[in-house]
1. Return a yes/no flag: does the stretch 181-198 have any residue that is within 23 Å of residue 292 (Cα to Cα) and in the same structural domain as residue 32 (by TED's automatic domain parsing).
2. Conditions first: (1) in contact (Cβ under 8 Å) with a residue 60 or more places away in the chain; (2) part of a loop (DSSP other than H, G, I, E, B). Residue 366 passes all but one, so which condition is the exception?
3. Please go through the stretch 95-144 and pick out each residue that is of a type in the set (D, E, K, R) and closer than 14 Å to residue 42 by Cβ.
4. Given the conditions (1) over 23 Å from residue 276 (Cβ atoms); (2) part of a helix (DSSP H, G or I); (3) not basic (Lys, Arg), which single one is not true for residue 224?
5. Only residues that are within 17 Å of residue 305 (Cβ to Cβ), outside any strand (DSSP E or B) and of a type outside the set (Asp, Glu): list them for the stretch 245-271, please.
6. Out of 31, 43, which single residue is of a type outside the set (Ser, Thr, Tyr), touching a Phe, Trp or Tyr at 6+ places or on another chain (Cβ under 8 Å) and surrounded by 14 or more Cβ atoms within 10 Å (Cβ to Cβ)?
7. When only residues in the stretch 144-178 that are over 21 Å from residue 260 (Cα atoms) and modelled with pLDDT under 90 count, which is surrounded by the most Cβ atoms within 10 Å (Cβ to Cβ)?
8. Do you know which residues across the stretch 116-130 are within 30 Å of residue 146 (Cβ to Cβ) and assigned to a strand (DSSP E or B)?
Amino acid sequence: MSEFSKVAGLTGMKDTLPPETAHWQRFEAIVRGWLAAYGYQNVRIPVLEHTRLFARGIGEVTDIVEKEMYSFVDRLNDERLTMRPEFTAGIVRSAIEHNFLYDRPRRIYAMGPVFRHERPQRGRYRQFHQVDVEALGFPGPDVDAELIIMLARLWRLLGLQDIRLELNSLGQPPERAAHREALVRHLEAHLDILDDEARRRMHSNPLRVLDTKNPAMQAMADSAPRLFDFLGAESLAHYEGLCVRLQDAGIRWTLNPRLVRGLDYYNLTVFEWVTDRLGAQGTVCGGGRYDGLFELLGGKPAPAVGFAIGIERLLDLWLQSQAAEPTPECQVYMVHQGDAGQRQAAQLAEQLRDAGLAVVVHAGSGGFKSQFRRADASGACVAVVIADDELERGQATVKWLRAADAPDQQETIAFGRLAEQLQQRI
């Protein structure tokens, strides 16, 4: 193969191009405004971390660590590094390293790419993007409820209706230990129907066996001991405190005893928002409380709760619910003739941008017909023409390209008043 042969993108690494990027920008603007309304501040953490952070923070017996992480050895210093497969471990590492909770609890969020080597499918890529929201240092069910209520507001902002909430409680470590013993006994009694993956996880991570998609194991999973039935008074009080606040907010939910997290540092509240409109990949958002993670990563014990949203999956759902209108490249398109006309158009364009308008100046030469075709394709609502007659009069010809923008369709405006007039009318 020639060294100059065409190079294609990597499998599962998706290019996002206009006009699709406009949907991303609209979504991100909505999300930032929504988070600001609840006092959440942005943090930005590295894409690369030490592999041991995720091995410890996510768990060595999880699919993510065992099969899906993009890890490599840095040749310069022989360190094993990993491209982040999720945000939470890195955020907690950063909070510990910078003593972020020294004076008060924090509400924070991050947005960006994460990486997992799995089979690409609808809404799931090897590089995908998440909105990650974390409330650090808050122990009570009031903040658990706040996160869920926030999400209900986001669905309303996006006009989404077919999303339902599932809840469970994982209790505290002693309660999970008692449940684990009962669950392992249950799995051992059904050894003949367990598939290879379930047998591998049966002792190392038995909660994840209940997450099986194997139809032959569904009845066994349904009849397994429920963790919820092992909860003590304090754990039940936390769950009931969450539920009463969701009732106050008018949010409905379903108790799903099989909704679990297979890691020891998770406790109490876990939740998912799910839909039937995305096929098998129906989880739009997942979250829960992880009060044990700070201590596990070497920090002082601190309560924490958060959630993550898969952006590609949510965008897919959002775009299904609305008419996808093309986003204009600009508001004003400058059409010109001759070198002097092009230079005047460039000067006027800067004045229009000073007035807050988005402007494209036609690049190069070209007849009026081809320039107007390009102006119309740009989605601009107005074309400003600068040719010999306009230069002589000191007036631009303004042609409105969208009938709704002005009833008279075409007019002339003095160069000195162009920015003011268009700013008022666009």
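The values are calculated or read from the model by the stated rules, or taken from the named source; none is laboratory data. No experiment lies behind these values; they were computed from the predicted model shown. Note that we place each Cβ from the backbone using ideal geometry, even for glycine, and neighbour counts take in every protein chain shown.
1. Scanning the stretch 181-198, I find no residue that is within 23 Å of residue 292 (Cα to Cα) and in the same structural domain as residue 32 (by TED's automatic domain parsing), so the answer is no.
2. If we test residue 366 against (1) in contact (Cβ under 8 Å) with a residue 60 or more places away in the chain; (2) part of a loop (DSSP other than H, G, I, E, B), just (1) comes out false.
3. 106, 107, 132, 134 - these are the residues of the stretch 95-144 that are of a type in the set (D, E, K, R) and closer than 14 Å to residue 42 by Cβ.
4. Unmet condition: (2).
5. Listed by number, the residues that qualify are 245, 246, 249, 251, 253, 259, 260, 261, 263, 265, 266.
6. The conditions single out 43.
7. The residue in question is 162.
8. Correct list: 124, 128, 129, 130.
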